[in-house]
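Engineer: Sharing a structure, written as structure tokens. Questions coming.
What follows draws every value from the coordinates through simple rules; no lab data is involved. A quick note: this is a predicted structure, and the numbers were derived from the prediction, not measured. For neighbour counting, all protein chains shown are included, and Cβ atoms are generated from backbone atoms with ideal geometry for every residue, glycine included.
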Amino acid sequence: MFALDCVVSKPDDSFRYYPGAIFNLPADLAGASKISSYAALRTAGWHKIDFGYMALVRIGNDGTRFCFPGAIPSLAVFKNRLAVPAQMTVKRIEEYVASLESLEAAFAASYHNDLNLVVHDMRRLSGVIYHAAEEAKLSIQALPRDNGAIRLIDNIVAAQSMLRIRVDMIDFSGDPLQERAKTNVQVFRKVDKVVRSFRPMAERSGVQISLNGSSYSTSRGPDILEIVPYILIDNAIKYSPHNGSIDVSVSEEDGNISFSVSSIGPEIKEYEKQRIFERGYRGEATRDRGDSGSGLGLFLCSQIVTSFNGSIDVTVGEREIMTGKGSCREIVFSVRLPKA
């Protein structure tokens with residue numbers, strides 16, 4: 001994968017070591033403890049490591065760190081043991097790493113173009129599903145009452161709503177820092193739409209969703225707010241035990257509109273309560289359990305809430321709850337948005 005040995009560290013501090021395809025570390029710089037020390041280097045640039053060798057750290061746009069240890073030995077080391085040939089100077093190493101950055105930028109541009117095409121096609125497909133379901137529903141309503149058939153079509157419409165939100169989420173994740181047009185958004189309507197969309201899926205998972213409270217006020221921000229309750233409820237269903245419940249509430253207080261999602265899930269440690277909103281970070285308990293995830297969802301929630309000048313935080317219950325998925329606690333994500 002790399003010409004030189006490289007330690008790739010993710011924002012959640014997990015890391016992987018890749019032996020160089022051409023040049024390899026000398027034995028003095030290898031070993032698990034040494035590799036861990038290279039993974040702990042957090043600032044970009046050159047670092048002095050053991051036995052007079054140097055390591056170059058590069059940080060990607062998503063916070064991933066690439067450390068090339070032993071890339072350059074000191075002049076004293078050059079005489080006796082070389083990690084790389086003498087022609088691999090500081091300049092050549094930096095040129096090699098810069099070429100990786102150019103490749104990454106080219107790949108990112110190509111990926112973004114392909115993503116735009118996929119998003120466009122998915123939006124079109126979503127519209128086709130919605131209109132077909134509505135036409136079928138009108139046809140059935142003209143016949144003798146069949147609540148079962150109408151319920152099935154309502155489930156199709158709910159699935160289409162989830163698809164549409166998911167497309168918005170993919171589109172937003174492509175450039176979460178982009179400035180977007182703002183409008184007055186009815187918060188309760190967005191939350192209610194997501195809850196209704198998720199109910200068929202939750203029932204199949206043996207989980208009940210309840211929605212309490214109401215609000216007729218708006219908050220000003222980009223018209224993608226439904227992504228936030230979508231991610232929070234999706235996570236809650238994913239981690240909830242069978243026969244569990246998810247409580248969603250909406251309220252108004254002191255010039256703010258608030259909504260929260262409460263469920264049973266893996267413990268979030270005190271030191272993680274801020275880190276879980278960082279891009280790429282996944283909680284220790286979810287990693288230990290082997291649960292899948294990208295560490296992107298809560299980061300997107302944070303970015304969207306910030307665009308409304310709002311706040312999002314998490315509280316964790318003190319009581320340990322044993323479930324079929326292991327040790328859990330009550331987890332409550334709370335979002336507060338200022339009224340428009």
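Engineer: What aspartates and glutamates could a cross-link reach from LYS137, if we take a straight Cα to Cα line under 18 Å and drop same-chain neighbours fewer than 8 places away?
Structural biologist: Answer for LYS137, where 18 Å is the Cα cut-off: ASP146, ASP154, listed by chain and number.
Engineer: At a threshold of 8 angstrom on Cα-Cα distance, excluding pairs fewer than six apart, so keeping six or more, what relative contact order does region 251-340 reach in percent?
Structural biologist: 40 percent
Engineer: Using alpha carbon centroids, what distance separates region 29-69 and region 228-251, in Å?
Structural biologist: Region 29-69 and region 228-251 have Cα centres spaced 39 Å from each other.
Engineer: Another question, if that's okay. Taking a label point 7 Å from the Cα of ARG287 along the Cα→Cβ vector, which residues of region 1-29 have an amide N closer than 17 Å to it?
Structural biologist: 7-18
Engineer: How much length is gained on full extension from SER33 to SER334, taking 0.36 nm per residue of separation minus their Cα-Cα distance?
Structural biologist: Contour length minus Cα-Cα distance gives 104.4 nm.
Engineer: Sum up the charges of everything whose Cβ sits under 11 Å from the Cβ of TYR230, counting Lys and Arg as +1 and Asp and Glu as -1, but leave TYR230 out.
Structural biologist: Its environment carries a net charge of +1.
Engineer: Which FRET efficiency value, to the nearest 0.05, is calculated for LEU152 and ARG196 with the Förster distance at 25 angstrom and r the Cβ-Cβ distance?
Structural biologist: That gives a FRET efficiency of 0.95.
Engineer: Label-point separation (nm) for ASN184 and ALA40, each offset 7 Å from Cα along Cα-to-Cβ?
Structural biologist: Label at ASN184, label at ALA40, 5.5 nm between them.
Engineer: Within region 176-338, how many lysine pairs that are 8 or more places apart, or on different chains, have C-alpha atoms less than 28 Å apart?
Structural biologist: Count of close lysine pairs: 11.
Engineer: What's the local net charge at SER307, with K and R +1, D and E -1, over the other residues with C-beta under 10 Å away?
Structural biologist: Here the charged neighbours net out to +2.
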